[in-house]
1. Return the total of residues in the stretch 50-77 being more than 23 Å from Val142 (Cα to Cα) and free of Cβ contacts under 8 Å to residues at least 24 places away in the same chain.
2. Looking at (1) in a loop (DSSP other than H, G, I, E, B); (2) loosely packed, with under 10 Cβ neighbours inside 10 Å; (3) not charged (D, E, K, R), which is the one condition that is false for Ala77?
3. Can you find a residue in the stretch 69-90 that is closer than 30 Å to Leu148 by Cα, out of contact with any Gly (no Cβ under 7 Å at 6 or more places or on another chain) and acidic (Asp, Glu)?
4. Is it the case that Val145 is farther than 30 Å from Ser80 by Cα and among the β-branched types (Val, Ile, Thr)?
Amino acid sequence: MRKYILPSLKLTAVLIVILGLLYPLLIAAVGRLTPGQGKGETLMLNGKVVGYANIGQHFSADQYFWSRPSAAGYNAAGSSGSNKGPSNPDYLRDVQAHIDTFLVHNPGVKKEDIPAELVTYSGSGLDPDLSPAGAKIQVSRVAAVRHLDEEKLNDLVDRYTEAPLWGIFGPARVNVLKLNIALDKGEVK
């Protein structure tokens, strides 16, 4: 028995040091190399923090690009998906309500043209990004309310479209909060 206990205790001690101390320190060091030094990238407008780049925000005014719906109410403390499958009647009602709301505010859009991300919940409930198509389908509404040229607004969306990581990992995406801040700053040229 002693033959097995001593090696087990040594292995436990080594793993505690590696996984409980060295690995967290390595991850913290890597985090320091990211925007925000591991604390999140804060976004500012007129000297005030208006949000974080990696946490979705709720926008419902027609003058802004809308984010993806959140089952968590955009609450970072309660991040979650809806856990409702595509055959769940409550989920289907929610999706239909999102579609109806989107169509009321975007009268020139057909139901079949709405990207799924604009009417379905994300897995975390905090997705800050849309696909370029999800942003561009809203250009007519935002341009009309803000009295902007649609072509120039499309150019702004293109400028704020981030390519996949290293050109291969993930899809192209548009951070909705960054795009809306650019609108408020008057970056449409």
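1. Residues that pass the stated criteria total 1.
2. Every condition holds for Ala77 apart from (1).
3. No, because not a single residue in the stretch 69-90 is closer than 30 Å to Leu148 by Cα, out of contact with any Gly (no Cβ under 7 Å at 6 or more places or on another chain) and acidic (Asp, Glu).
4. Working: farther than 30 Å from Ser80 by Cα: yes; among the β-branched types (Val, Ile, Thr): yes.
Here the answer is yes, as Val145 does meet what is asked.
The numbers here are math on the coordinates, done by the rules we state, and not lab data. Note that the structure is predicted; figures quoted are calculated from it, not measured. A quick note on method: Cβ atoms are made from the backbone with ideal geometry, for glycine too, and the neighbour counts reach across all protein chains shown.
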